[in-house]
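Reviewing the structure listed below.
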Amino acid sequence: MFALSCCKNTCCLSHSVTLLIRSFGANPTVYELDEMTNGQQIERALLQLGCQPSVPTVFIGQQLIGGSKRVMSLHLRNELVPLLINAGAIWI
């Protein structure tokens, strides 16, 4: 997996982060935690990793990026695309 997003179907920030990543041509794997039988367990694990709030949580490559604030900060500093390129999630 190159880009992974843990989301909830009802979370507008999750939707926005996923759309942002897709806008660069990446095809992230998205796990809708509220639709998974073990979603609450995954959410607890994300909280233990320090993700506050637990969704959306983005991994690029095998690196934990963080939530929507971190993803948007990387985007505004023009650092998100290089992460996606280095992970092989997009090609330019």
Once R0 is set to 22 Å, what does the formula 1/(1 + (r/R0)^6) return for the Cβ-Cβ distance between Gln41 and Cys12, expressed as a FRET efficiency to the nearest 0.05?
0.35
Beta bridge orientation in the range 3-86: antiparallel %, DSSP, nearest 5:
65
What nm value, rounded to one decimal, do you get for the distance between Leu19 and Asn86 when each label is placed 7 Å out toward the C-beta?
2.8
Between rounded, prolate and oblate, where does the chain land on the alpha carbon gyration tensor, with a ≥ b ≥ c its root eigenvalues, rounded for a/c under 1.5, else prolate if a/b exceeds b/c?
prolate
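Only the coordinates and a few stated rules stand behind these numbers; no lab work does. Just so it is clear, the model here is predicted, and its values are computed rather than measured. FYI the Cβ positions are ideal-geometry reconstructions off the backbone, even for glycines, and counts take in every protein chain you see.
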